[in-house]
1. For region A:156-172, how many residues are buried (at least 23 other Cβ atoms within 10 Å of the Cβ) and farther than 12 Å from A:GLY199 by Cα?
2. Of all residues being surrounded by fewer than 22 Cβ atoms within 10 Å (Cβ to Cβ) and within 7 Å of chain A (Cβ to nearest Cβ) in region B:199-216, which is farthest from A:PRO83 (Cα to Cα)? Just the residue, please.
3. Which fully enclosed helices (runs of 4 or more DSSP H) of region B:23-141 have 3 or more residues being open to solvent by less than 30 Å² (accessible area, probe 1.4 Å)?
4. So which residues in region B:240-263 are open to solvent by less than 80 Å² (accessible area, probe 1.4 Å), part of a strand (DSSP E or B) and within 13 Å of chain A (Cβ to nearest Cβ)?
5. Considering only residues that are in contact with a helix residue (DSSP H, G or I) (Cβ under 6 Å, 6 or more places away or on another chain) and within 21 Å of A:SER178 (Cα to Cα), which ones fall in region A:19-44?
6. Can you give me the number of residues within region A:193-228 that are over 29 Å from A:GLY257 (Cβ atoms), modelled with pLDDT of 95 or more and touching a Lys or Arg at 6+ places or on another chain (Cβ under 8 Å)?
7. Among residues belonging to region B:217-226 that are open to solvent by 30 Å² or more (accessible area, probe 1.4 Å) and of a type in the set (D, E, K, R), point out the one that is nearest to the other protein chains (Cβ to nearest Cβ).
2 protein chains.
Amino acid sequence: MTLTIQQAVDRIKERFGGTVGPGTVDTLKSGDPSQPLRGITVTFMATRQVLDQTVAKGANLLITHEPTFYNHMDDEDWLRNDPVYESKRNFIEQHGIVVWRVHDYPHAHRPDMIVAGMIRELGWQDRLDPDLPNTYRLSPLTLHDLAQYCKAKLRIKTVRYVGDPQMPCSRVALRVGSPGGRAQIDSLKIKGVDVVVSGESAEWETCEYVRDSAAAGEKKALLVLGHANSEEEGMRWLAEWIETFMPEIPVTYLPAGDPFRFV
Amino acid sequence: MTLTIQQAVDRIKERFGGTVGPGTVDTLKSGDPSQPLRGITVTFMATRQVLDQTVAKGANLLITHEPTFYNHMDDEDWLRNDPVYESKRNFIEQHGIVVWRVHDYPHAHRPDMIVAGMIRELGWQDRLDPDLPNTYRLSPLTLHDLAQYCKAKLRIKTVRYVGDPQMPCSRVALRVGSPGGRAQIDSLKIKGVDVVVSGESAEWETCEYVRDSAAAGEKKALLVLGHANSEEEGMRWLAEWIETFMPEIPVTYLPAGDPFRFV
């Protein structure tokens with residue numbers, strides 16, 4: 001029995017279990033979901049390169065964590081007639097690719113699937129602190145060594161941090177993606193939390209809180225991995241999870257990669 | 001005649017000329033403005049270190065570009081009883097420092113004072129493109145060389161960019177601070193603009209637009225300097241400007257510095 005794309009989407013949604021709000025961004029962004037499913041690709045970001053690879057794989061359902069059209073709601077009106085946008089939109093239509101954003105579902109799942117994929121890679125599966133939210137209890141290591149550890153485990157080119165390189169870290173709050181300054185600071189305000197490890201961070205909120213913390217005798221730190229670097233392994237995890245209940249469908253994880261070069 | 005802090009603030013506001021909206025963040029954040037002015041310090045960010053230096057200078061008016069309490073509106077309610085916040089707030093009160101945020105005024109000034117300070121440092125005073133907004137016309141250089149140039153001129157530890165390192169850049173749009181993805185992309189959408197040089201950037205909007213641009217035959221790039229790195233020289237410029245019409249007052253520029261270490 002051949003599955004349509006819509007049937008595959010419905011099966012995956014059912015498995016997610018958790019509910020997402022009516023304003024969810026997890027919608028189909030393109031294509032005809034009534035066509036037979038040929039294969040699935042899964043990525044952090046549906047860049048043009050990932051779309052090329054999807055076509056090369058013969059897949060027609062691309063599951064992406066982040067937006068396709070450069071803004072959270074995938075609003076396309078402000079992009080009309082822009083050659084970069086039109087080229088991407090045309091490529092997607094021409095190849096009949098259904099792009100499905102899957103952002104809120106995996107974050108709403110318990111455990112958060114994106115976090116689960118990261119934790120597996122970091123080797124912290126048994127480190128969850130039972131008393132503190134999103135926090136892992138490690139054997140004490142310096143902030144600098146924690147940065148080196150995450151960089152190596154996640155194969156990141158460059159990471160950034162704010163704080164005293166020599167401060168000991170044993171309780172690490174993980175805030176993947178782009179959680180916002182207040183969420184990061186709310187984690188740091190918790191007694192005992194030494195450092196927030198995050199995807200990206202505004203540079204005038206949490207950074208300043210961390211710099212001020214030393215004078216208050218409450219040394220805190222912020223480690224910034226990069227948004228993609230903090231969530232890609234979560235999408236790899238999600239791809240493997242789909243394979244467990246749809247073994248008949250070819251599923252390929254495609255890394256989008258860290259967009260930045262550091263000089 | 002001794003000037004009060006309020007009188008000094010009013011004189012500076014009058015000189016700014018431009019108007020700011022009723023919801024402006026450019027308000028006094030602390031202290032008693034009726035006290036006699038002893039001296040002014042000017043900074044990008046009123047970190048605890050900058051506050052210490054203000055006290056050491058004997059100044060009691062600290063002019064800062066960015067917030068003091070870790071969020072744009074300087075809302076303090078969510079921070080009550082937090083030791084980092086309370087320590088900073090107590091220090092400011094104890095030393096009677098009036099903190100005045102000056103963000104919207106210098107950006108509303110024509111020319112934008114923050115941009116003027118950066119352009120002076122970059123040596124692009126005569127490069128403004130008459131036809132394109134916020135854009136400078138340079139002798140063509142590669143994206144990589146442009147990154148190296150900005151890094152050297154602004155004495156930055158590390159800069160980041162997205163795009164082909166070898167692509168030639170001759171029209172550079174400058175978007176200091178944290179302008180948001182749409183503003184950055186709106187600059188890149190302009191025919192002829194090769195690269196946006198910005199302070200900070202979300203990693204899932206402009207980055208993806210830039211990555212997609214190559215496939216569309218419209219190579220674009222994004223160079224990210226860091227928020228502080230993209231505005232500090234503007235605040236130095238502002239400090240020198242205050243000295244020109246208040247020569248009797250000691251005015252000291254205090255760099256807050258780039259908060260990040262790169263590993």
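1. Count: 4.
2. Among them, the one singled out is B:ALA202.
3. Fully inside region B:23-141 and qualifying: B:48-57, B:83-94, B:113-122.
4. Passing the criteria: only B:PHE262.
5. A:VAL20, A:THR24, A:ASP26, A:VAL42, A:THR43, A:PHE44 - these are the residues of region A:19-44 that are in contact with a helix residue (DSSP H, G or I) (Cβ under 6 Å, 6 or more places away or on another chain) and within 21 Å of A:SER178 (Cα to Cα).
6. The total comes to 6.
7. Restricting to residues being open to solvent by 30 Å² or more (accessible area, probe 1.4 Å) and of a type in the set (D, E, K, R), the top hit is B:GLU218.
The values are calculated or read from the model by the stated rules, or taken from the named source; none is laboratory data. Here the structure is a predicted model, which means the values were calculated and not measured. Here Cβ is always computed from backbone atoms with ideal geometry, including for glycine, and neighbour counts include all displayed protein chains. Side chains included, ligands, DNA and RNA excluded: accessible areas come from the protein's heavy atoms. Shrake-Rupley method; radii C 1.70, N 1.55, O 1.52, S 1.80 Å.
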